[in-house]
Amino acid sequence: MADDIAEKLDNLDKALTSIEAVVDLDSKRQEIASLQEQVAAPDLWDDQENAQRVTSRLSAVQGEVERVSGLRQRLDDAAVLVELAAEEADPDSLAEAEREIARLEKSIQALEVRTLLSGEYDPREAMVTIRAEAGGVDAADFASMLMRMYLRWAERHGYSSQVFDTSYAEEAGIKSATFQISAPFAYGTLSVEQGTHRLVRISPFDNQGRRQTSFAGVEVLPVTEETDHIDIPEADIRVDVFRSSGPGGQSVNTTDSAVRITHLPTGIVVSCQNEKSQLQNKAAALRVLQARLLEKARKDREAEMNALKGDGGNSWGAQMRSYVLQPYQMVKDLRTDYEEGNPDAVFDGSIDGFIDAGIRWRKRTETADA
């Protein structure tokens, strides 16, 4: 048993050492010192957008360093506990060490997934759009369930989110929604969620109680940054204003504050109606448009490379996950075969297992295609 524990500790040490090399703790600590100097500046909040960016980045980098350093400390403590338990022939301490090692294995494996995110835009924040597809009112309801699922996932991890636009369906649910998840590597993490999701259940909207299948599409884009240089001339866009729609409340449906922007060269249309003023909605809609244009440029480059390689391109639009509530309960990813038997927990934001499996699957696919 002691030999098995020693081997596990050795393997965990190697895995964590590899993670520490990828994360580069020294450079992260230097970045923290620089950010702390900026935060201490008396004029920081003169530019609120920059102040929020700096403080958010500081919190994220500190959290990353603390997470890795904390695991290293726990691993060292576990090794000491094993050594003491062996010297004193203490079975209780040895059992506690084994439980801690099991917890460390899970934590290090989860952190190891982060090291697989090496794409150009993976470190970015994520812009997520969910659309109801085939299935009528059930699809609209399913789209709202997925929106809540991702927002709950963000909440569970302490990530901030901002909803830009919600288009409500007439009977229930939503036609579409766009929101941003602000966290390090949010795009790299959530990009594996992109594709068509399928729900099978007894429809609550069918008075005959029949089983229905409905679909919703998830699109994940990287949020643009100042270095992207996406120029959008005023002549290339048409801006329309309209009244916000949705469930009541003060100032809803009373002013033309909602904004719809059409990018004339590409035909891309975005809208925002969740801010209080027309100027705020226009600024938010432009951020969404920039993210769409950035993704279009990336896909155009990818299509060129796929044409050169002679393959059929990617399959992001393919059906990727099924949520079955009847006649049995199962959520299964059709690419990785990862599955969970508790759909309620999944819809409440417990999707880390699917995300981790998806990231590993994507890395294997990229390596095989290279």
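The values are calculated or read from the model by the stated rules, or taken from the named source; none is laboratory data. None of these values were measured; they are calculated from a predicted model. We place every Cβ from the backbone using ideal geometry, glycine too, and count neighbours over all the protein chains shown.
Table for the structure above
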{"read-out": "Single match in SER144, SER182, SER93, SER167 (criterion: in contact with a helix residue (DSSP H, G or I) (Cβ under 6 Å, 6 or more places away or on another chain), of a type in the set (Ser, Thr, Tyr) and over 16 Å from ILE355 (Cβ atoms))", "value": "SER93"}
{"read-out": "Scope segment 67-95; condition under 19 Å from ASN11 (Cα atoms), without any contact (Cβ under 8 Å) to a residue 24 or more places away in the chain and not small (Gly, Ala, Ser); matching residues", "value": "GLN73, ASP76, ASP77, VAL80, LEU81, GLU83"}
{"read-out": "Some residue of segment 37-44 being among the acidic types (Asp, Glu) and within 28 Å of PHE185 (Cα to Cα)", "value": "yes"}
{"read-out": "Matching residues, segment 89-139, being among the aliphatic types (A, V, I, L, M), assigned by TED's automatic domain parsing to the domain that holds ASP165 and more than 29 Å from THR224 (Cβ to Cβ)", "value": "ALA134, VAL137, ALA139"}
{"read-out": "Which listed residue, of ALA21, ALA60, is in a helix (DSSP H, G or I), in contact (Cβ under 8 Å) with a residue 12 or more places away in the chain and out of contact with any helix residue (DSSP H, G or I) (no Cβ under 8 Å at 6 or more places or on another chain)", "value": "ALA60"}
{"read-out": "Residue within segment 61-77 that is within 25 Å of THR367 (Cβ to Cβ), within 23 Å of the chain's Cα centre (by Cα) and not acidic (Asp, Glu) present", "value": "yes"}
{"read-out": "Pairs, first without any contact (Cβ under 8 Å) to a residue 24 or more places away in the chain in segment 254-275, second buried (at least 16 other Cβ atoms within 10 Å of the Cβ) and assigned to a strand (DSSP E or B), C-beta under 6 Å, six or more apart", "value": "VAL269/THR262"}
{"read-out": "Residue in segment 46-53 that is closer than 27 Å to VAL22 by Cβ and either assigned by TED's automatic domain parsing to the domain that holds LEU12 or within 29 Å of the chain's Cα centre (by Cα) (or both) present", "value": "yes"}
{"read-out": "Boolean, ALA134 is within 30 Å of ARG198 (Cα to Cα), assigned to a helix (DSSP H, G or I) and within 28 Å of the chain's Cα centre (by Cα)", "value": "no"}
{"read-out": "Any hit, segment 308-320, residues being modelled with pLDDT of 90 or more and either crowded, with 20+ Cβ neighbours inside 10 Å or in the same structural domain as ALA216 (by TED's automatic domain parsing) (or both)", "value": "yes"}
{"read-out": "Condition met for GLU275 (modelled with pLDDT under 90, assigned to a loop (DSSP other than H, G, I, E, B) and outside the structural domain of ASP138 (by TED's automatic domain parsing))", "value": "yes"}
{"read-out": "Test result for LEU190, modelled with pLDDT of 90 or more and not assigned by TED's automatic domain parsing to the domain that holds ARG321", "value": "no"}
{"read-out": "Scope segment 35-80; condition closer than 30 Å to LEU94 by Cα and among the polar types (S, T, N, Q); matching residues", "value": "SER69, GLN73"}
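The rows are residues; the columns are (1) of a type in the set (D, E, K, R); (2) surrounded by 21 or more Cβ atoms within 10 Å (Cβ to Cβ); (3) over 19 Å from ARG131 (Cα atoms); (4) outside the structural domain of GLY63 (by TED's automatic domain parsing).
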residue	(1), (2), (3), (4)
TRP153	no, yes, no, yes
ASP165	yes, yes, no, yes
ALA169	no, no, no, yes
SER176	no, no, no, yes
GLN180	no, yes, no, yes
LEU199	no, yes, no, yes
GLY209	no, no, yes, yes
SER214	no, yes, no, yes
